[in-house]
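Here the structure is laid out as C-alpha cells; the discussion comes afterwards.
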2 protein chains.
Amino acid sequence: MKYDYKPIDEALKTLLEYSRLDIGYVETDLIDAIGMVLAEDIYAPIDLPPFDRSAVDGYAVCSDATTSASPSNPIPLKVVVGEALASCDEAIPVATGQRIPKGADAVVMLEDVIRKDNGIYVIKSLPKYANVSRKGEDVKAGEKIASKGEIIKPIHLALFSALGITKLRIFKHVHVGVAATGSEIAEPAYGVRAYDEGLILDSTSILIRSTLSKYRFIKVNWYGFVKDDENEIANIAKMALDENNILILTGGTGPSEQDKTFRAILSIDSNAKVIARGLAMRPGRPTSIVVVKSKPVFLLSGFPVAAYIALNVVVLNFLFRALNIKEELFIEVPAQMTKRISGSIGYDSFIRVKVFKCDEDLCTEPIMIHGSGVLKSLLHSNALLVIPKNVEGFDKGDRVWVKML
Amino acid sequence: MKYDYKPIDEALKTLLEYSRLDIGYVETDLIDAIGMVLAEDIYAPIDLPPFDRSAVDGYAVCSDATTSASPSNPIPLKVVVGEALASCDEAIPVATGQRIPKGADAVVMLEDVIRKDNGIYVIKSLPKYANVSRKGEDVKAGEKIASKGEIIKPIHLALFSALGITKLRIFKHVHVGVAATGSEIAEPAYGVRAYDEGLILDSTSILIRSTLSKYRFIKVNWYGFVKDDENEIANIAKMALDENNILILTGGTGPSEQDKTFRAILSIDSNAKVIARGLAMRPGRPTSIVVVKSKPVFLLSGFPVAAYIALNVVVLNFLFRALNIKEELFIEVPAQMTKRISGSIGYDSFIRVKVFKCDEDLCTEPIMIHGSGVLKSLLHSNALLVIPKNVEGFDKGDRVWVKML
C-alpha cells in the first residue's frame, strides 16, 4: 500500500472516530491516585474554612473596641479563656487556624499588643474581620473543585484531604503494548560486536518505553524484539492487542520491511481500518496508524528521533485527546530564533532545539544535525520547534513558540 | 529559641557544610535507571555510527560517476549485490542504516533514479558522502556523553543502549522520612466532623508526600501523625532519622507548638546543630533546619502553601545541591506582569502566579489570596514568582522570570 502522508490532525481526528479506549475506572485511596486521570467531577462537600478562623497567632477581640487604639493610646483588654467573649472588654488567645470565639470579629497579632499582668494593651486599630479567614473564603460547599480528565496533582490531594474526601474514582492504567520489529535489531546485551555483524543495537524501543513510563497513568507492557517475519509479527501483535489498549510497533521503516509489519497487522483483522499510511511530518514520515478490533496500532519508525517525535506528537497527543485530559502535553514558551531554519512545505517539521536564557529573554537554537537516527541531537535539545506544513521557515530574530520536552 | 529568619541561601550553604548525605550507589539495568541520579561519568566505548552508513534507502555509488548526471543526462549503472563495488559502473542497493559498501562514497535516493532492466539511471549529481552518515558523526569513541549528577532521562537510555552499555551506576534512593506533628491534625478518614470538634483534616502532609513522590530518586517513608508531645515527637524523629537520609516534620507552626517540635529534635542529639530557626521567606517564615547526627531535619509550617513552597525552595533545593544534580529544579520562563505586586523587604516573597499565553507572549497574574493556608490559590497557579528580599515589588508590565511548577 502506497504512502499517502496524511496531515497529523486529520489522522488523529479519524483515529478518534474509529477507535475506542475502553479504560474503565477504579476507586482508590488519595495517595495512590497521584499522576492518574480523574474519572469524575469533584464537588466540595463543605465550606473551607468550615468556620471563621484566625489567620494569625494572637487575641480574638471585638474590632469596635480597638477603633481608637494606637501606640500612644493603648486599649486595655482582659484576657480570658473560653469559647465566647462575655463582653468587648475581653480578649481570648487564639492560635492560627483556630475558630474565632463567639462575640469576637477580629484578631490582633501578638506584635500589636503589649502584655501586662493578666491583660493586654492593643496598640493598633483593627477593621472588622482583620486577620480572620472567613468561612468558605477558600472553597464554597457545592463548588466544583476538579473535573474528570484532570491529571491528579499533589495540590488536588491536599484539597480533597482537607475536605474529608478519601476515595477517588480514577481511570485504570492505559495499557500500552510495545514491540520492536526488525531482524537487524539486537538487544544491547549482545554487545558492540552486533555492529560488526551487520546488526544494530536497540535504542528506539527503550526510548519509547521509558518515555511512556514518565506518565503514571500508562502501564507499558514490553513484548521484546520480533524478527521480520509476517507470521511472527502477527502473532505477537495479536497477543499484545488482546492484553493492551494500544499497541506500538517500532522499526521496519525501510519500505519493504514496513510493508511486512503493515501487512502483518492487517492480517489480524479483516475489518482493520487504515487511518494513515505515512504522516505529513518530518522526521517520522513512515508513521502509520491502523485500527484493529477498535484498538489503535501505531507503527513508528525504527529510528529513535523519528519514533520519539511521533510518540509525542501522535501517540501521546491521541491519548490525551481520547481521555479528554485537561492538561497540555507540553509547556509552550516563546523564544527568539538565533538562526534561520527552513521546514519542508507539505510536512510539519519538528526541529529539535535548545532553549536557553539570553539577556532578559529566552533564545532557541536549532540543533543542526541531519538524519533522524542521531541521538546526541536529542540529548542536547530541551524543546521541539514545529514548522507547520504551510510555513517556509523562521528567520533569525523571529519569535517562535517551542514545546518544552 | 528566638526566630532569626536567616536568608535561604545562607542557611543552605551552612547546611551543606554541616550535613552529610551518604546515599551510596548501586549497579542497575538501564530500564530501571530512569529518573534516578547517575553516579558516574559515562564515556562512549565506540564511535556512533560505528561505520559509514546510509542515511536513506537507495543505491550506494561512486560519487565521481554521477558528476554530470541530470534528468537530461541520466547516467546508467549496473545493479549488483555484495559488500563492495567492483568498479564505478556499479551500484549496490542499500537500506537506511546499512553499511556503505567498499568502493562507494555516496548514496543516491530512490527518487533520484530511474529503474530499467537490471540497472538504474542516476538523474542527479551527488557530492562525496551524499546521504552518508559518517562514522563517529553522532558520537566519537572516548567522548563523555553523560556526567555524574545527571537525572537519567529516556534519551540517555537510548544512547547508552546504542553504545552497548547495559549497566549503570546510580545513586540509591534518597530516603525521606515525613511525619506530621500537631494534636489538632486529624486523618481525612476521620471525616468532616473533625472540624466541629476543633480538629483540622490533614492536607499538608499529603501535599508534601505526593510532591516528593514525583521524583523517582526519592523514596518517601511516612511516619504518620504525631501528637504535640515532646517525647513522642523525639521517639518518632529518632526512629525516622535512623531509617532515612532526611527528615521532614510538618506542623506545629504556632510559636508554642513549634518550640515543642524544635526542642524534641534538639533532645535527640546533644551535638545537634541549629542551621536556621526561621527563614527570611514568605510564606514559610517558621521553616527551621537542624542537623542531627549529620542528617538534615526540616521543620516545615503546618500550613499547606507555606510548607509546599519551603519544600520546593528549601528541601528540594538542598537535595539538588547536595547530590550535585545537573538539572534545574524549575523551568524558568519570562512573562509580563498583569498587576502590580509588592514583596516584603527583608524576606524573599514567593507569590503564586498563573502563567498564560497573551498575544505573542506569556503573561503572569498573581493569584491574590491572602493567608498561607489557602489551597485553591495553589490549584489555580502554575508557577512561582520570587520577589527577592531587597526588591520592593514589580509593576504591571514588568518582565519577570517565573518558576514553572
The residue that is nearest to residue A:109 (Cα to Cα), considering only those in the stretch A:66-86 that are surrounded by fewer than 21 Cβ atoms within 10 Å (Cβ to Cβ) and small (Gly, Ala, Ser), is A:70
Any hit, the stretch A:225-236, residues being outside any loop (DSSP other than H, G, I, E, B) and within 14 Å of chain B (Cβ to nearest Cβ): yes
Can you tell me which of B:89, B:47 is within 14 Å of chain A (Cβ to nearest Cβ) and either open to solvent by 20 Å² or more (accessible area, probe 1.4 Å) or within 52 Å of the chain's Cα centre (by Cα) (or both)? B:47
Count of the stretch B:30-72 residues which are in a strand (DSSP E or B) and small (Gly, Ala, Ser): 4
Do the conditions hold for residue B:284, that is, is it in contact with a Gly (Cβ under 8 Å, 6 or more places away or on another chain), open to solvent by less than 30 Å² (accessible area, probe 1.4 Å) and more than 25 Å from residue A:328 (Cα to Cα)? no
Considering only residues that are touching a strand residue (DSSP E or B) at 6+ places or on another chain (Cβ under 6 Å) and aliphatic (A, V, I, L, M), which ones fall in the stretch B:177-199? B:178, B:179, B:180, B:185, B:186, B:194, B:199
Residues that are farther than 20 Å from residue A:22 by Cα and within 29 Å of the chain's Cα centre (by Cα): does the stretch A:251-268 have at least one? yes
Residues that are within 14 Å of chain B (Cβ to nearest Cβ) and of a type in the set (Ser, Thr, Tyr), drawn from the stretch A:50-86: A:54, A:59
The one condition residue B:144 fails out of (1) farther than 29 Å from residue B:215 by Cβ; (2) away from every other protein chain (no Cβ under 11 Å); (3) of a type outside the set (A, V, I, L, M, F, W, C); (4) within 32 Å of the chain's Cα centre (by Cα) is (1)
Among the numbered criteria (1) modelled with pLDDT of 95 or more; (2) of a type in the set (Val, Ile, Thr); (3) open to solvent by 20 Å² or more (accessible area, probe 1.4 Å); (4) touching a Leu at 6+ places or on another chain (Cβ under 9 Å), which one does residue B:31 miss? (1)
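A quick yes/no check of all residues on (1) out of contact with any Gly (no Cβ under 9 Å at 6 or more places or on another chain); (2) more than 30 Å from residue A:349 (Cα to Cα):
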residue	(1), (2)
A:14	yes, no
A:38	no, yes
A:43	no, yes
A:54	no, yes
A:64	yes, yes
A:90	no, yes
Apart from one, (1) modelled with pLDDT of 95 or more; (2) open to solvent by 20 Å² or more (accessible area, probe 1.4 Å) all hold for residue A:385; the odd one out is (2)
Restricting the search to the stretch B:389-405, which residues are open to solvent by less than 50 Å² (accessible area, probe 1.4 Å) and assigned to a loop (DSSP other than H, G, I, E, B)? B:391, B:397
Residue that is farthest from the other protein chains (Cβ to nearest Cβ), among those in the stretch B:92-120 that are out of contact with any helix residue (DSSP H, G or I) (no Cβ under 7 Å at 6 or more places or on another chain) and among the small types (Gly, Ala, Ser): B:119
Tally the residues that are within 14 Å of residue B:376 (Cβ to Cβ) and open to solvent by 50 Å² or more (accessible area, probe 1.4 Å), restricting the search to the stretch A:144-156. 2
Please enumerate the residues belonging to the stretch A:97-134 that are part of a loop (DSSP other than H, G, I, E, B) and either hydrophobic (A, V, I, L, M, F, W, C) or open to solvent by less than 50 Å² (accessible area, probe 1.4 Å) (or both). A:97, A:100, A:101, A:104, A:105, A:123, A:126, A:130, A:131
Considering only the stretch A:340-352, I want to know if a residue exists there that is assigned to a strand (DSSP E or B) and within 30 Å of residue A:152 (Cβ to Cβ). yes
In the stretch A:293-332, what residues are surrounded by fewer than 20 Cβ atoms within 10 Å (Cβ to Cβ) and either acidic (Asp, Glu) or over 25 Å from the mean Cα position of the chain (by Cα) (or both)? A:293, A:294, A:327, A:328, A:332
Matching residues, the stretch B:11-44, being free of Cβ contacts under 8 Å to residues at least 60 places away in the same chain and more than 21 Å from residue B:147 (Cβ to Cβ): B:13, B:17
Residues of the stretch A:179-228 that turn out to be open to solvent by 30 Å² or more (accessible area, probe 1.4 Å), within 23 Å of residue B:44 (Cβ to Cβ) and of a type outside the set (A, V, I, L, M, F, W, C), as a count: 8
If only one of A:214, A:293 is over 20 Å from residue B:57 (Cβ atoms) and touching a residue at least 12 places away in the same chain (Cβ under 8 Å), which one is it? A:293
Filter pass, residue A:114 being touching a residue at least 40 places away in the same chain (Cβ under 8 Å) and either among the charged types (D, E, K, R) or within 30 Å of residue A:173 (Cα to Cα) (or both): no
Can you tell me which residue is farthest from residue B:89 (Cα to Cα) among those in the stretch B:121-141 that are within 8 Å of another protein chain (Cβ to nearest Cβ) and touching a strand residue (DSSP E or B) at 6+ places or on another chain (Cβ under 7 Å)? B:139
Which of the residues spanning the stretch B:157-168 are out of contact with any Gly (no Cβ under 7 Å at 6 or more places or on another chain) and either in the same structural domain as residue B:204 (by TED's automatic domain parsing) or surrounded by 20 or more Cβ atoms within 10 Å (Cβ to Cβ) (or both)? B:157, B:158, B:159, B:160, B:161, B:162, B:163, B:165, B:168
Please specify each residue of the stretch B:83-96 satisfying the condition of being in a strand (DSSP E or B) and of a type in the set (Val, Ile, Thr). B:92, B:94
Does residue A:207 satisfy the condition of being closer than 25 Å to residue B:153 by Cβ, outside the structural domain of residue A:31 (by TED's automatic domain parsing) and in contact (Cβ under 8 Å) with a residue 60 or more places away in the chain? yes
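The values are calculated or read from the model by the stated rules, or taken from the named source; none is laboratory data. Because the structure is a prediction, the values reported are computed rather than measured. Methodologically, a virtual Cβ is constructed for each residue, glycine included, from the backbone with ideal geometry; neighbour enumeration extends over all protein chains shown. Accessible surface areas use protein heavy atoms only, side chains included; no ligands, DNA or RNA. Shrake-Rupley method; radii C 1.70, N 1.55, O 1.52, S 1.80 Å.
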